[in-house]
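Engineer: Let me begin by handing over the structure; questions about it come next.
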Amino acid sequence: MKPANSRVVDLVDTTLRDGEQAAGVVFSLEEKITIAATLDQAGLRYIEAGIPAMGAEEREALRSILSLPLKAELIAWNRAKREDIEASIACGFSFLHISVPSSNLHISNKLNKTPEIVLKELEEALQMARSFGCDVSVGAEDASRADPEYFLQIAEAAAKWGARHIRFADTVGCLEPLSVFRAIRYLVSRCPLPIEFHGHNDFGMATANTLAAVQAGALMASTTIRGLGERAGNANFQQVYHALERFGYYTSSIDNEIIANLNKLVKKAAYRPPFGKMEYIH
Amino acid sequence: MSMRINYSDQTLSVAALSHVPKTKLILMGELLQRIGISTIDIPIEQAKIYGFSQGLINNAFRAVIKPVVGDVDTAYRLGFQRISVPYHHKTGELSNVVYELLEKARRLKVDCSLEIENASSFPVSELAAVINSLKDQQLDTVIYGDRYSLMEPLRTYNILKHVRQLTEFNVEFHAHDGYHLATANTLSAIKAGVRHVATSVTGVGNAKHAPFEEVVLAARHLCSLSDNIAAQDFAAECAIIATYLGKEIPVDKAIIGKNIFAHESGLHVHGVMKNPSIYEAFPPEEVGLSRFLIIGKHSGSAALQAALSKLGIEPSTAELQKLLKSVRTIVSHKKSHLTPYELLHLYNRREGGSYEASQ
């Protein structure tokens, strides 16, 4: 039941995309299908299903997920690249998430690009996705270390092409709740689109950061089952769900039994050993 | 405000309550002190059962007593110089026993901390009245307890800032982790100027505590505070402590999990090879971990090239693209990553143009 005066928060599950990116994790086709179906049963409104640009086999798996009779909207993850968008469309997705770097560290150090080029590529990718009639959302990678004004420029471009929301990614989990609250509150008052907070757990604060983002006005949040994800993982669905509920935010009433099922499913599917001498040391 | 953070350990208490053998308990106490923890709480009953006495008890140990005057005596006789008194406050005036107990501690020259376990359960005005009624007492530390996990970080910051202004006593914050907000609440308390915090390694405990390793690294990197903690072997030391408690550290446990510096996805490996801070919040050496570049489903050509180069192989771009495709196929079937030997094997079978043969 939705309590009076509480705000609705939509959760975007990214177990099948960011979760599977945890080093050493590979889901089988059967696992993907079962996870997607159970997430849908749980009442998640958005499922980020994967990256069609990864290859033919991945696209085949994604097609199987797309063919399931699900209520949730399935989202494909893309870089702002023509080949990514083409792969997603070929796969049959009608909702595309397009991710761009937003901090200088990521734009110049990682990609040798400029903020202007990134914006231009984003607009081209958005235009292309829209020309195929797709819904789009935009992700600002490493937004926690980016200039907020640049985040807003990305949001403006996204809004201009009809994006439904924009993701603020704390890519390396380097924020704490007070700074999340300050950053998101500032952006919410200026951003033309609803903000989705995407937290990582590097300092063990992904749940708290997600709560703080919602308190500051974020309308959406990304989570993964069991917090599966790169390094120390993403914001944990069950934890976020309970914390939001405890402090007066409504997601959707999710059966505890289904959550337990999901946890069990993902625990088994994501098993990986502790890495040691056998692996590459950088 | 730069005073260093003092950690009050709750791990040893948990170990003592779960009947860990005495030798392990002693080793744990030594290890915690070597790491730099200056306060180790132990329930007085457990100290008695384990036969703690003068020889074992140094100034790091703080006996957690029941709110009865007799326990102050017991702690003193065992050799404790510091006690902590958990006190469950009920609306109204402070119980007389607290005054009697503080008087006893003063006479015996025992340092006393008073933990208002349920401080977060009543309005701050009431807490102010309680603290005010203690102002002429000899008390070392007032501990703000969030026994029922009622706090969230924004509220913690505001309230603890206020509490600090109310009193000259040291203020300690004792978070519990019912909603997985304990690390963040503790960090908020630190941001509000609190310099004494209760934590346990990995957050172990009945009502769970703030994980020590998370608070230490978060305070360093997100508040730029220095500390007396030796973290360079954190991962191994926390793993030892967990073993004493019969627990294992999950591979993705924040700060100390074995795999938290393993990178696989193309974008991430590419970034980390250029500059680790692109995808790492702090360097692995800081906590005694290693960075791994894993060859798996999400690997890109840069990672593959780097891995092969370590094996003394410099493939052409075309070879690399082909190999990458095979890697994806194989790991999908194998449902795990490739070790360097498996990669080498795969590469060596490239003749004839079919990598898939080595499935």
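The values are calculated or read from the model by the stated rules, or taken from the named source; none is laboratory data. Owing to the predicted nature of the structure, the values given are computational and were not obtained by experimental measurement. Heads up, the Cβs are rebuilt from the backbone with ideal geometry, glycines too, and the neighbour counts pull from every protein chain shown. With ligands, DNA and RNA removed, areas are computed over all heavy atoms of the protein, side chains included. Shrake-Rupley method; radii C 1.70, N 1.55, O 1.52, S 1.80 Å.
Engineer: How large is the charge dipole for the protein assembly as shown, taken about the Cα centre, if only the Cβ atoms of Lys, Arg (+1) and Asp, Glu (-1) carry charge, to the nearest 20 debye? Intermediate values should be presented prior to the final figure.
Structural biologist: Details: 67 positive and 70 negative charges, 75 e Å.
Approximately 360 debye in magnitude.
Engineer: Mind listing, in residue-number order, the residues in the stretch B:295-325 that have at least 30 Å² less accessible area with every protein chain present than in their own chain alone (1.4 Å probe)?
Structural biologist: B:Lys297, B:His298, B:Lys310
Engineer: Same structure, new question: Calculate, in nm to one decimal, what B:His19 and B:Glu248 gain on full extension: separation in residues at 0.36 nm each, minus their alpha carbon distance.
Structural biologist: 80.7 nm
Engineer: Moving on. So for each of A:244-250, A:100-106, B:94-100 I average, over its residues, the number of other beta carbons within 10 Å; can you give me the resulting order with the highest mean first?
Structural biologist: Numbers: A:244-250: 16.7, A:100-106: 23.7, B:94-100: 14.9.
Top of the packing list down: A:100-106, A:244-250, B:94-100.
Engineer: 7 Å from Cα along Cα→Cβ at both B:Glu100 and B:Glu45: what's the point-to-point distance in nm?
Structural biologist: Going from the B:Glu100 label point to the B:Glu45 one covers 2.1 nm.
Engineer: Let me ask something additional. Highest first, please rank the peptides A:42-49, A:25-32 by the mean number of other Cβ atoms sitting within 10 Å of their residues. It would help to have the intermediate numbers written out before the result.
Structural biologist: Details: A:42-49: 22.5, A:25-32: 18.5.
So the peptides A:42-49, A:25-32, ranked by packing, come out A:42-49, A:25-32.
Engineer: Report, to the nearest whole %, how much of the accessible area of chain A belongs to carbon and sulfur atoms, 1.4 Å probe, protein only. If you can, show how the numbers build up before the last one.
Structural biologist: Numbers: 5260 of 10340 Å².
Of the solvent-accessible surface of chain A, carbon and sulfur hold 51 percent.
Engineer: A follow-up question, please. Just the number, please: carbon plus sulfur as a percent of the accessible area of the stretch B:208-317, 1.4 Å probe, no ligands or DNA/RNA counted.
Structural biologist: Working: 1880 of 3690 Å².
The computed percentage sits at 51.
Engineer: Shifting gears a bit: For chain B, list log₁₀ I(q)/I(0) at each q in 0.09, 0.10, 0.11 Å⁻¹, using the Debye formula over Cα point scatterers of equal strength and ignoring solvent, two decimals each.
Structural biologist: At q = 0.09, 0.10, 0.11 Å⁻¹ the computed log10 ratios are -0.60, -0.69, -0.78.
Engineer: Which FRET efficiency value, to the nearest 0.05, do you get for A:Asp10 and B:Glu126 by plugging their Cβ-Cβ distance into 1/(1 + (r/R0)^6) with R0 = 41 Å?
Structural biologist: Details: r = 38 Å, r/R0 = 0.94.
With a Förster radius of 41 Å, E is 0.60.
Engineer: How much area per residue is accessible in the stretch B:223-359 when the probe is 1.4 Å and only protein heavy atoms are counted (Å²)?
Structural biologist: Working: 5630 Å² over 137 residues.
Computed with neighbouring chains in place, this is 41 Å² per residue.
Engineer: Further question on the same structure: Given contacts defined as C-alpha pairs under 8 Å and at least six residues apart, what's the relative contact order of the stretch A:14-103, whole-number percent? Before the final figure, lay out each step's value.
Structural biologist: Details: 124 pairs, mean separation 23.8, N = 90.
Contact order relative to length: 26 percent.
Engineer: Counting only DSSP beta bridges with both residues in the protein assembly as shown, tell me the antiparallel percent, nearest 5.
Structural biologist: 5 percent
Engineer: Compute for chains B and A the buried accessible surface, both sides summed, probe 1.4 Å, and express it in Å² to the nearest 100.
Structural biologist: On the way: alone 17190 and 13220 Å², together 24720 Å².
Roughly 5700 Å².
Engineer: Still on this structure, please answer the following. What size of dipole, in debye to the nearest 20, comes out for chain A about its Cα centre when the only charges are +1 on Lys and Arg C-beta atoms and -1 on Asp and Glu C-beta atoms?
Structural biologist: Working: 30 positive and 34 negative charges, 83 e Å.
That gives a dipole near 400 debye.
Engineer: Where in chain B is the longest stretch that carries no trypsin sites (Lys or Arg not before Pro) classed as loop by DSSP and with at most 14 other Cβ atoms within 10 Å?
Structural biologist: B:136-246
Engineer: Moving on to the next point. Per residue, how many Å² of accessible area does the stretch B:85-183 show with a 1.4 Å probe? Can you show the working numbers first?
Structural biologist: Values: 4450 Å² over 99 residues.
Result: 45 Å² per residue.
Engineer: Right, next: Taking Cα atoms, how many degrees apart are the long axis of helix B:96-108 and the longest axis of chain B, rounded to 10 and kept between 0 and 90?
Structural biologist: Helix B:96-108 sits at roughly 90 degrees to that axis.
Engineer: Within 10 Å of each Cβ in peptide A:18-31, how many partner chain Cβ atoms are there on average? Round it to a whole number, please. Present the calculation step by step, with values, prior to reporting the outcome.
Structural biologist: Numbers: counts 1, 0, 5, 9, 10, 20, 14, 9, 12, 3, 3, 1, 0, 1.
Per residue, the number of nearby Cβ atoms from other chains is 6 on average.
Engineer: A follow-up question, please. For the stretch A:75-129, report the accessible area per residue in Å² (1.4 Å probe, heavy atoms, rounded to an integer). Walk me through the numbers on the way to the answer.
Structural biologist: Numbers: 2130 Å² over 55 residues.
Each residue of the stretch A:75-129 exposes 39 Å² on average to a 1.4 Å probe.
Engineer: Quick one: which residues, 5 or more positions from B:Ile143 or on another chain, have an amide H under 5 Å from its amide H? H modelled 1.01 Å from N in the peptide plane, none for Pro or chain starts.
Structural biologist: For B:Ile143, the qualifying residues are B:Leu114, B:Glu115, B:Ile116, B:Glu172.
Engineer: Work out the FRET efficiency for B:Met3 and B:Ser309 from their Cβ-Cβ distance, taking R0 = 35 Å, and round it to the nearest 0.05. Before the final figure, lay out each step's value.
Structural biologist: Details: r = 49 Å, r/R0 = 1.39.
With R0 = 35 Å, the Cβ-Cβ based efficiency is 0.10.
Engineer: What is the P(r) of the protein assembly as shown, as percent of Cα-Cα pairs per 20 Å bin from 0?
Structural biologist: So the P(r) values, bin by bin, are 19, 49, 26, 6, 0.
Engineer: Using amide H atoms built 1.01 Å from N in the peptide plane, name the residues 5+ places from B:Ser84, or on other chains, whose amide H lies under 5 Å from its own.
Structural biologist: Amide H to amide H, under 5 Å and 5 or more residues apart or across chains, B:Ser84 pairs with B:Ala63, B:Val64, B:Ile65, B:Ser113.
Engineer: Considering Cα pairs under 8 angstrom that are at least six residues apart, work out the relative contact order of the stretch B:161-276 and quote it in whole percent.
Structural biologist: On the way: 126 pairs, mean separation 20.1, N = 116.
Averaging sequence separation for qualifying contacts and normalising by length gives 17 percent for the stretch B:161-276.
Engineer: Farthest toward the dipole's positive end in chain B, which of B:Ser224, B:Tyr347, B:Leu32, given Cβ charges of +1 (Lys, Arg) and -1 (Asp, Glu) about the Cα centre?
Structural biologist: B:Tyr347
Engineer: If you don't mind, another one. Across the residues of B:181-190, average count of Cβ atoms on other protein chains within 10 Å? Spell out each step's value before the answer.
Structural biologist: Working: counts 10, 3, 8, 13, 3, 0, 7, 5, 0, 1.
If you average over the peptide's residues, the count of other-chain Cβ atoms is 5.
Engineer: Further question: Assuming R0 = 56 Å, what is the FRET efficiency of B:Asp136 and A:Ala159, from their Cβ-Cβ distance, to the nearest 0.05? Present the calculation step by step, with values, prior to reporting the outcome.
Structural biologist: Values: r = 62 Å, r/R0 = 1.10.
In this case the efficiency is close to 0.35.
Engineer: Something else about it: With all protein chains present, how much of the accessible area of the stretch B:59-98 (probe radius 1.4 Å) comes from carbon and sulfur, to the nearest whole percent?
Structural biologist: Details: 950 of 1820 Å².
Here carbon and sulfur together make up 52 percent of the probe-accessible area.
Engineer: Sticking with this structure for a sec: Taking the Cα centre of chain B as origin, sum charge times position over the Cβ atoms of Lys and Arg (+1) and Asp and Glu (-1), and report the length of that vector in debye to the nearest 20.
Structural biologist: On the way: 37 positive and 36 negative charges, 115 e Å.
Here the size comes out at about 560 debye.
Engineer: Is it possible to state the helix-based mean residue ellipticity at 222 nm for chain B, with each DSSP H run of 4+ residues giving -39500 (n - 2.57), the sum divided by total residues, to the nearest 500 deg cm²/dmol? What is it?
Structural biologist: On the way: 14 runs with 153 residues, N = 359.
Roughly -13000 deg cm²/dmol at 222 nm, from the helical runs in chain B.
Engineer: Still on this structure: Over 32 Å between Cα atoms, which of A:Lys120/B:Lys335; A:Lys160/B:Lys322; B:Lys310/B:Lys334; A:Lys120/B:Lys297; A:Lys268/B:Lys325; B:Lys191/B:Lys253 qualify?
Structural biologist: Numbers: A:Lys120/B:Lys335 38 Å; A:Lys160/B:Lys322 39 Å; B:Lys310/B:Lys334 23 Å; A:Lys120/B:Lys297 30 Å; A:Lys268/B:Lys325 26 Å; B:Lys191/B:Lys253 24 Å.
Beyond 32 Å between Cα atoms: A:Lys120/B:Lys335; A:Lys160/B:Lys322.
Engineer: According to a simple spin-label model (label point 7 Å from Cα along Cα-to-Cβ), what is the distance in nm between A:Ile258 and B:His345?
Structural biologist: The two pseudo-label positions are separated by 4.2 nm.
Engineer: Just the number, please: Stokes-Einstein D of the stretch A:10-270 in µm²/s, Kirkwood Rh from C-alpha pairs, 37 °C, 0.692 mPa s. Please list the in-between numbers first.
Structural biologist: Working: Rh = 18.1 Å.
So the translational diffusion coefficient is about 181 µm²/s.
Engineer: Also: If I take every Cα pair under 8 Å that is 6 or more residues apart in chain A, average their sequence separation and divide by the length, what percent do I get for the relative contact order?
Structural biologist: Working: 563 pairs, mean separation 61.8, N = 282.
Reported relative contact order: 22 percent.
Engineer: If you take every DSSP beta bridge fully contained in chain A, what fraction is antiparallel? Give it as a percent rounded to 5. The partial results should precede the final answer.
Structural biologist: On the way: 1 of 35 bridges.
For chain A, the DSSP antiparallel bridge percentage is about 5.
Engineer: Another question about this same structure. Work out the mean other chain Cβ neighbour count within 10 Å for the residues of A:55-63 and drop it here as an integer. Walk me through the numbers on the way to the answer.
Structural biologist: Details: counts 6, 3, 6, 4, 0, 0, 1, 0, 0.
Per residue, the number of nearby Cβ atoms from other chains is 2 on average.
Engineer: Which lysines, on any chain, are close to B:Lys48 with Cα under 28 Å apart, when same-chain ones fewer than 8 places away are left out?
Structural biologist: By straight Cα distance, B:Lys48 reaches B:Lys22, B:Lys24, B:Lys66, B:Lys104, B:Lys109, B:Lys208, B:Lys247.
Engineer: For chain A, what is the calculated [θ] at 222 nm in deg cm²/dmol (nearest 500), taking -39500 (n - 2.57) for each run of four or more DSSP H residues and dividing by its residue count?
Structural biologist: After summing the helix terms and dividing by residue count, I get -12500 deg cm²/dmol.
Engineer: Sort out for me the Cα centre separation of the stretch B:166-207 from the stretch B:28-100, rounded to whole Å.
Structural biologist: For the stretch B:166-207 versus the stretch B:28-100, the Cα centre distance is 19 Å.
Engineer: Please work out how much length the chain gains when fully extended from B:Glu286 to B:Gln321, using 0.36 nm per residue of separation minus the C-alpha to C-alpha distance, in nm with one decimal.
Structural biologist: Working: separation 35, 0.36 × 35 = 12.60 nm, distance 3.58 nm.
Length gained, B:Glu286 through B:Gln321: 9.0 nm.
Engineer: Students often forget the sequence filter, so: which lysines lie under 18 Å Cα-Cα from A:Lys71 once same-chain residues fewer than 8 apart are removed?
Structural biologist: A:Lys32
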